[in-house]
Amino acid sequence: MKDRVLRVQDLAVHYKVREGGLLKPRVQELKAVDGVSFDLGAGETLGIVGESGCGKSTLARALLALLKPSRGRVLWLGEDLAKLSDEDLRKKRQDLQIVFQDPLAALDPRMTVRDIIAEPLWTFFPKIARVQVDERVRGVMKMVGLLPNQVNRYPHEFSGGQCQRIGIARALVLNPKLVICDEPVSALDVSIQAQIINLLKSLQKKLNLSLVFIAHDLSVVRHISDRVMVMYLGRAMEISSRNNLYKKPLHPYTSALIKAVPVPDPRIARAVTDTGLTGDMPSPLNPPAGCVFHSRCPYSVKRCQLEVPALRRLENEDWVACHRAEELDLTIKPR
Ligand code: SF4
């Protein structure tokens, strides 16, 4: 990969969970993220998709070194974040920013928009002149489509979409190189979702940002992603280029997620009732042996229950974790 900025190698985040109450307590291991690997280039957007509980948000926090990995490495510009001193990690955080899911909850209601956006500047440059802060805050407000004369207002005076723009402005104020967007549009109306996705896409181009865009719906990441990683029970099932993934997915789970995307035409929606998925996602405390997806996979064979499929690279540079990827034809028919 050209101009790689982020390299994630066999990353795992496991938690100890106490179960069974006071009488028969037992400690179990919850594998929230279990052996995820991928690279990200400068100016590239990787979409990460999966059902609730698949480990997307835990992965986001581990990428930012907000969580300590149980195994594996996160290399930012070649440096292992877990091995940096506190001071060096603090400096690196200028490059690495996050946009949160619930825009209103992420903003302090007692702070004005100026103070919310300026806070990272004060943190990293405590001696910065007030005039410089004001100039930078007004600049990023304009960049995200907010009026600079709203700088003295409070979060409750803005709509959900505007609050998310404030969150994006705050993430951009330090000129980061990587922004992790953790379900940034899932709390917004559909029309506003499109505006925020278009905004992020144009900012990414303009600033040559690398983006990790997390969502639970494949339709949301389609417009913005160069490549998409599909996660299930803490593991990467497939990492494919956007064009390949939506036309000819490699993994049965990806195919099911594409079929589950809502269609605006009710005649087609009625026809597409079978996504190929059976049952619910198992508990991450007790994942199936072998392929973690085998209990819901319509193509499961004996081998799938015994052997964990490795995430492997195919000739076309896409990656898949399925024993039967080459023999299955999961081409999506145009609707
Ligand atoms: Fe299905 Fe087997 Fe492939 Fe897993 S390895 S996705 S169970 S066919």
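Listed by first and then second residue, the pairs with beta-carbon distance under 7 Å, at least 6 apart or on different chains, first residue in segment 132-161 and at positive phi, second of a type outside the set (Phe, Trp, Tyr), are Gly145/Arg165; Gly145/Leu199. Applying the set (1) at pLDDT below 95; (2) touching a Pro at 6+ places or on another chain (Cβ under 6 Å) to Asp102 leaves exactly one unmet item: (2).
Look at segment 320-332: where a residue is in contact (Cβ under 8 Å) with a residue 60 or more places away in the chain and β-branched (Val, Ile, Thr) and a partner is assigned to a loop (DSSP other than H, G, I, E, B) and within 9 Å of the ligand (Cβ to nearest atom), sitting 6+ places away or on another chain with Cβ atoms under 6 Å, you get Val320/His251. Applying the criterion of being touching a helix residue (DSSP H, G or I) at 6+ places or on another chain (Cβ under 8 Å) and without any contact (Cβ under 8 Å) to a residue 60 or more places away in the chain to the residues of segment 60-80, the residue that is most open to solvent (accessible area, probe 1.4 Å) is Lys68. Quick one: in segment 300-335, which of the residues that are within 11 Å of the ligand (Cβ to nearest atom), in a loop (DSSP other than H, G, I, E, B) and buried (at least 19 other Cβ atoms within 10 Å of the Cβ) is nearest to the chain's Cα centre (by Cα)? Restricting to residues being within 11 Å of the ligand (Cβ to nearest atom), in a loop (DSSP other than H, G, I, E, B) and buried (at least 19 other Cβ atoms within 10 Å of the Cβ), the top hit is Ala321.
Within the span defined as segment 290-299, one or more residues are closer than 30 Å to Tyr15 by Cα, aromatic (Phe, Trp, Tyr), in contact with a strand residue (DSSP E or B) (Cβ under 8 Å, 6 or more places away or on another chain) and near the ligand (Cβ under 7 Å from one of its atoms). When Ala169, Ala118 are checked against the criterion of being in contact with a helix residue (DSSP H, G or I) (Cβ under 6 Å, 6 or more places away or on another chain), surrounded by 14 or more Cβ atoms within 10 Å (Cβ to Cβ), under 28 Å from Arg7 (Cα atoms) and not acidic (Asp, Glu), Ala169 stands alone in meeting it. When the test is whether a residue is at pLDDT 90 or above and either buried (at least 19 other Cβ atoms within 10 Å of the Cβ) or within 21 Å of the chain's Cα centre (by Cα) (or both), Pro288 does not pass it.
Checking the condition open to solvent by less than 20 Å² (accessible area, probe 1.4 Å) and among the hydrophobic types (A, V, I, L, M, F, W, C), which residue from Ile180, Ile192 passes?
On the way: Ile192 fails: open to solvent by less than 20 Å² (accessible area, probe 1.4 Å).
So the residue among Ile180, Ile192 that is open to solvent by less than 20 Å² (accessible area, probe 1.4 Å) and among the hydrophobic types (A, V, I, L, M, F, W, C) is Ile180.
The values are calculated or read from the model by the stated rules, or taken from the named source; none is laboratory data. Keep in mind that this is a model prediction, so the values were computed, not measured. Don't worry about glycine lacking a Cβ; one is built from the backbone with ideal geometry, like all the others, and counts go over all protein chains shown. Only protein heavy atoms, including side chains, enter the accessible area calculation; ligands, DNA and RNA are left aside. Shrake-Rupley method; radii C 1.70, N 1.55, O 1.52, S 1.80 Å.
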